[in-house]
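K.L.:
Have a look at the structure that comes next, please.
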Amino acid sequence: MSNLADMATPTADPVDALIKSIRIPPRPSLLADMQRELAADDPSPDAIGRIVARDVGMSGALLKLANSSFYGGKRKAKSIEQAILFLGINQVASLMTGLLARQAIATDNAALANFWDISGRRAQAMVYLSRRLRIGEPDVAHTFGLFCDTGVPLLMDRFPGYADTFAAAAEDTERPFTALEDERHSTNHAAIGCLLARNWGLSSDVSWAILHHQDYSVFDDGATGDGVRSLIALSLLAECAIQKYQGLVESVEWNKGGDRACAYLGLSAEETDDLLDELHDSFHNDH
C-alpha cells in the first residue's frame, strides 16, 4: 500500500506529481472555524451555533439530519441551538463535517449514484457499534464512516478507467483492495482519502484509519494505535451488515479481515451474529 512517508521521499517524485494532479477539495472555511472553536479550552455551544447558522442551507440540512430517527430520538430540535443541546457539540460538528463533505465532493458519476447513501449508512452503523460496544467516541466513528472511501470519487474524477479498477478490486478475494489500484494508477483511494482527511484537519486516528482501512495486517501491529485499529474493526462489521442489508450473500472484505477484526474486538461468533442482526434491524427502522 502507498503510504504518506513514501510520497514524501525524493525517489517518489513521479508519484508526488501524480498526487498533486488529483483534485483534493480545500477545507471549507465553515469547517475551519468550527474546528478552531472546538479546539478552545472551553468550546462555546453558542459560538458553534453562530458558525452553523451562517449557512442557511447547511442549517436546514443539519436540523433534518439531527431529527432523523437515528439521531433525533423522541425529542425534535426546532433550532440549531436545540440540536446542539440534544446532540452535543461534538456530534453536531461531526454531522456538519459530513454535510460539508457532500457539498465539496462531487458524486454525479453514475457509478457513484449511491456513494453518499452507503457512506451515511456506514457512519450510522459505526455510531451504533461505538455506543453498543463502548469503544471510542461515537462522533469520531461517524466521521471515519463517512470519510473512509472519499478517495473513490476523487480518483474516479481523475482517471477515466478508475470505475473498472474499483469494480475489479471489489471482486478480488485474495489481495488487498488497494493492490490493483496501486498497480494501475500508482496510488489508491485509501491514500487519497487520508490526504483529504489531513487537509481538512480531521483527527489523526481518522486519517490513519482511512489510510489502513483495508490493510487488515494492522490488527497484529502493536505499533498501530488502538483508536485506529478499533475504527477499522468496527468498519468491517458495518461493511458486512450493509452487504447483508443489500441482499448480498457474502462480503469479500469481511472474508479477508472479519475473523481478525472480531478477535481484536474480543467478539465470539455468536456475539458477532447478534450485532449484525441488530444493525440490520436498525437499517430497516431508519428506512
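The values are calculated or read from the model by the stated rules, or taken from the named source; none is laboratory data. Nothing here was measured: the structure is a model prediction, and the numbers come from that model. Counting neighbours? That spans all protein chains shown, and the Cβs are built from the backbone with ideal geometry, glycine included. Side chains are part of the model used for accessible areas, which takes the heavy atoms of the whole protein and leaves out ligands, DNA and RNA. Shrake-Rupley method; radii C 1.70, N 1.55, O 1.52, S 1.80 Å.
K.L.:
Test Q124 against the stated conditions and say whether it is outside the structural domain of I192 (by the TED database) and open to solvent by 10 Å² or more (accessible area, probe 1.4 Å).
P.N.:
Details: outside the structural domain of I192 (by the TED database): no; open to solvent by 10 Å² or more (accessible area, probe 1.4 Å): yes.
Taking the combined requirement at face value, the residue does not satisfy it.
K.L.:
Can you tell me how many residues within the stretch 17-41 are in a loop (DSSP other than H, G, I, E, B) and closer than 21 Å to S204 by Cα? Please lay out each step first, then the result.
P.N.:
Of the stretch 17-41, the ones in a loop (DSSP other than H, G, I, E, B) are 21-28, 39-41.
Okay, now just the ones that are also closer than 21 Å to S204 by Cα, so 24-28, 39-41.
Qualifying residue count, the stretch 17-41: 8.
K.L.:
Would you tally the residues in the stretch 1-23 being open to solvent by less than 40 Å² (accessible area, probe 1.4 Å) and at pLDDT 75 or above?
P.N.:
Pass one, the stretch 1-23, residues open to solvent by less than 40 Å² (accessible area, probe 1.4 Å): 2, 4, 7, 12, 18-19, 22.
Of the ones still in play, those that are also at pLDDT 75 or above are 22.
So the count comes out to 1.
K.L.:
Can we say D226 is closer than 21 Å to R121 by Cα, open to solvent by 50 Å² or more (accessible area, probe 1.4 Å) and in the same structural domain as Y128 (by the TED database)?
P.N.:
Working: closer than 21 Å to R121 by Cα: no; open to solvent by 50 Å² or more (accessible area, probe 1.4 Å): yes; in the same structural domain as Y128 (by the TED database): yes.
No.
K.L.:
From the set of residues in the stretch 47-100 that are β-branched (V, I, T) and either on the phi > 0 side of the Ramachandran plot or open to solvent by 30 Å² or more (accessible area, probe 1.4 Å) (or both), which is nearest to the chain's Cα centre (by Cα)? Show your work before the answer.
P.N.:
At the first step, the residues of the stretch 47-100 found to be β-branched (V, I, T) are 48, 51-52, 56, 80, 84, 89, 92, 97.
Then drop every residue that is not either on the phi > 0 side of the Ramachandran plot or open to solvent by 30 Å² or more (accessible area, probe 1.4 Å) (or both), which leaves 56, 89.
Numbers: V56: 25, I89: 19 Å.
Checked the stretch 47-100; the qualifying residue nearest to the chain's Cα centre (by Cα) is I89.
K.L.:
What residue, of R260, R175, R229, is without any contact (Cβ under 8 Å) to a residue 12 or more places away in the chain and of a type in the set (K, R)?
P.N.:
Answer to the check: R175.
K.L.:
What number of residues in the stretch 192-213 are polar (S, T, N, Q), open to solvent by 20 Å² or more (accessible area, probe 1.4 Å) and free of Cβ contacts under 8 Å to residues at least 40 places away in the same chain? Let's see the steps before the verdict.
P.N.:
Taking the stretch 192-213 and keeping what is polar (S, T, N, Q), we get 199, 203-204, 207.
Okay, now just the ones that are also open to solvent by 20 Å² or more (accessible area, probe 1.4 Å), so 199, 203-204.
Filter again for free of Cβ contacts under 8 Å to residues at least 40 places away in the same chain, leaving 204.
Here the count works out to 1.
K.L.:
Given the criterion closer than 15 Å to E239 by Cβ and open to solvent by 10 Å² or more (accessible area, probe 1.4 Å), identify the matching residue among D149, D157, D108, D139. I'd like the intermediate steps shown before the answer.
P.N.:
On the way: D157 fails: closer than 15 Å to E239 by Cβ; D108 fails: closer than 15 Å to E239 by Cβ; D139 fails: closer than 15 Å to E239 by Cβ.
Residue meeting the stated conditions: D149.
K.L.:
On to the next question. Quick one: would you say S282 is polar (S, T, N, Q) and in contact (Cβ under 8 Å) with a residue 24 or more places away in the chain?
P.N.:
Working: polar (S, T, N, Q): yes; in contact (Cβ under 8 Å) with a residue 24 or more places away in the chain: yes.
Here the answer is yes, as S282 does meet what is asked.
K.L.:
A follow-up question, please. Being acidic (D, E) and outside any helix (DSSP H, G or I) is the filter here; which residues of the stretch 218-248 pass it?
P.N.:
D221
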